[in-house]
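Written out below as structure tokens is the structure these notes cover.
The values are calculated or read from the model by the stated rules, or taken from the named source; none is laboratory data. Everything numeric in this text was worked out from a predicted model, so none of it was measured. We place every Cβ from the backbone using ideal geometry, glycine too, and count neighbours over all the protein chains shown.
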Amino acid sequence: MITMKCSNSSEPLTCKHIDHLICYQEEGSPIATSEECICKDCGTYKVGTTSFTLKDNLFTYKGLSLELPHKRVSYSIMERLSLRLGYVLDIAEINIKTSAFPNILHILTMMALKDTKLISGNFTQLKQSRYGEHVFNTYLNSVNGKGNIRATNKSVRWLNEQDTLQLKSELFIVTSYQVGVNSMQYTATKRMEDVIAKVYNYLTLIRFTQNYIVAEPLDFKVTTLQLRSIKLRDTMLLLSNCIGYFNGFIIRPTIQDTQHSRVYSVMTSISSYTRELQGFINYDIGSALQTICLQLVDNPSIYPLHQELMNDKVAFRTKIMVETGHDMKWVKSELSKINNLDKMPKKYKQYPTLTKYYYEAQILRNEILEDADELILSRAYTLAKPRWMVIYTEDKKQPEFIIDGKKESSIFFFIWTQYEREIREAMMSYFSVPEACHQVHDAVYSREDINLTQLEEHVLEITGFTVKISTN
């Protein structure tokens, strides 16, 4: 925006537009004295001690001349993005290597929010940009894992403090916070999904520069054709890890390896279908928890249901499905968490097999904790979640929560998953390029097709664990 007033004029200083895209202040409105720009001889301007000329759309400052973009009735998606990235207007292609892709996604989100009238063009450019950044980042966190976001998260904090339009409540469904259980859980609303769909539509209109990328082992490419067939959430998760473009978007996963057990990246967040679409084969450790734990105890025969699940997980899951009347998705979910529960859900009381399995799991957990290797136990204790104690006092309406040690279920989890990691790393060492293998919980993903029996023998030789590995 350039504001002007002729030096010989006695009229009040008001706003005059040079570029409506950049300035959203109402034309003719009063401006602050600090923003005053004096017009001399209808061509020379002065802001503070700085002078420049603007004649026939040619800007000149200290001998440097630059032709400014001509005012237009409307701008294309490409032009709007170019301006926000600081590019010369009418640039033919966007270079991802010089414009971080997350920044592009933030700007496109800002544009989508404006085009759907969710934010106003009367806001400052900074606030518009912040809305784009923090709404997109909150969406990204909401579709990552279970969607739990801490109150200390940068984008959530901004929305809590600066969201004057109260968009957070319109774009996300937020559950209440439970001490010691979980952070607030965010779920994108239909309105938010529509905004992200518009972001994707904008993206398809942009041409990207072909980049030469020195590939790293974990890099992979996703084409625009592939993006059309995957979930929108997966598209945004992948593109948030994009580092360049070469006949497709080059994805370089950011690895989070802060534990001694599991490793996290975009590969652990996207669906198995999206991984397989990229040509990755899933080498899965069958019934990992049961397989590992039953080889850590003295007498595995006292855990018959765990053995049954380990020997034939399909048959065991089917039995639970018939007994409970729930579908396979529900059964898989319950069996994946039952060993790490601190308290048996009331619903299990009507299902005899699940009840017996839960109590069997409690005995198994206690044995694992009592006999754990000292180093393994020490690491697990450090990583485990705190156990909270509720204190009620007469003079306070709300209870207080104090830490009372560590949750046994959490300690147990970080014990057996350390052995799980040992097995994964042994599996990876069998591939021709171990560094190109993606770790996804109890599985390794690779594009290399190898013999499963030989892989199992390799794991046994290195770790001492007998495992069943499948590609289902």
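Okay, residues lined up against (1) hydrophobic (A, V, I, L, M, F, W, C); (2) surrounded by fewer than 16 Cβ atoms within 10 Å (Cβ to Cβ); (3) within 16 Å of the chain's Cα centre (by Cα); (4) within 30 Å of residue 398 (Cα to Cα):
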| site | (1), (2), (3), (4) |
| --- | --- |
| 162 | no, yes, no, yes |
| 170 | no, yes, no, yes |
| 187 | no, yes, yes, yes |
| 191 | no, yes, no, no |
| 218 | yes, no, no, no |
| 229 | no, yes, no, no |
| 251 | yes, no, yes, no |
| 262 | no, no, no, no |
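Candidates 440, 444, 433: the one that is farther than 27 Å from residue 302 by Cβ, crowded, with 21+ Cβ neighbours inside 10 Å, in contact (Cβ under 8 Å) with a residue 12 or more places away in the chain and out of contact with any Phe, Trp or Tyr (no Cβ under 7 Å at 6 or more places or on another chain) is 440.
Answer yes or no as to whether residue 454 is surrounded by 15 or more Cβ atoms within 10 Å (Cβ to Cβ) and either touching a residue at least 40 places away in the same chain (Cβ under 8 Å) or part of a helix (DSSP H, G or I) (or both). In short, no. Taking the range 303-315 as the range and being at pLDDT 95 or above and either closer than 14 Å to residue 355 by Cα or basic (Lys, Arg) (or both) as the test, the residues that pass are 303, 304, 305, 306. Take residue 368 and tell me if it is in contact (Cβ under 8 Å) with a residue 40 or more places away in the chain, within 21 Å of residue 294 (Cα to Cα) and in a helix (DSSP H, G or I). So residue 368 fits the description; yes. Of all positions in the range 291-313, at least one carries a residue that is charged (D, E, K, R) and in a helix (DSSP H, G or I). Number of residues in the range 121-160 that are surrounded by 13 or more Cβ atoms within 10 Å (Cβ to Cβ) and either among the small types (Gly, Ala, Ser) or assigned to a helix (DSSP H, G or I) (or both): the value is 24. Filtering 435, 422 for residues that are farther than 17 Å from residue 267 by Cα, in a helix (DSSP H, G or I) and at pLDDT 95 or above leaves a single hit, 422. Is it true that residue 410 is surrounded by fewer than 19 Cβ atoms within 10 Å (Cβ to Cβ), without any contact (Cβ under 8 Å) to a residue 24 or more places away in the chain, within 32 Å of the chain's Cα centre (by Cα) and closer than 24 Å to residue 296 by Cα? So residue 410 does not fit the description; no. So is residue 243 surrounded by fewer than 18 Cβ atoms within 10 Å (Cβ to Cβ), farther than 20 Å from residue 282 by Cα, more than 19 Å from the chain's Cα centre (by Cα) and not acidic (Asp, Glu) or not? Spelling it out, it is not the case that residue 243 is surrounded by fewer than 18 Cβ atoms within 10 Å (Cβ to Cβ), farther than 20 Å from residue 282 by Cα, more than 19 Å from the chain's Cα centre (by Cα) and not acidic (Asp, Glu). Residues that are charged (D, E, K, R) and modelled with pLDDT under 80 were ranked within the range 61-83; the one that is surrounded by the most Cβ atoms within 10 Å (Cβ to Cβ) is 79. Would you say residue 430 is hydroxyl-bearing (Ser, Thr, Tyr) and outside any strand (DSSP E or B)? Yes.
Return a yes/no flag: does the range 243-261 have any residue that is touching a strand residue (DSSP E or B) at 6+ places or on another chain (Cβ under 8 Å) and part of a helix (DSSP H, G or I). No: the range 243-261 contains no residue that is touching a strand residue (DSSP E or B) at 6+ places or on another chain (Cβ under 8 Å) and part of a helix (DSSP H, G or I). Inspect all residues belonging to the range 100-119 and state whether any of them is under 19 Å from residue 188 (Cβ atoms), loosely packed, with under 13 Cβ neighbours inside 10 Å and of a type in the set (Ser, Thr, Tyr). Checked the range 100-119: at least one residue is under 19 Å from residue 188 (Cβ atoms), loosely packed, with under 13 Cβ neighbours inside 10 Å and of a type in the set (Ser, Thr, Tyr).
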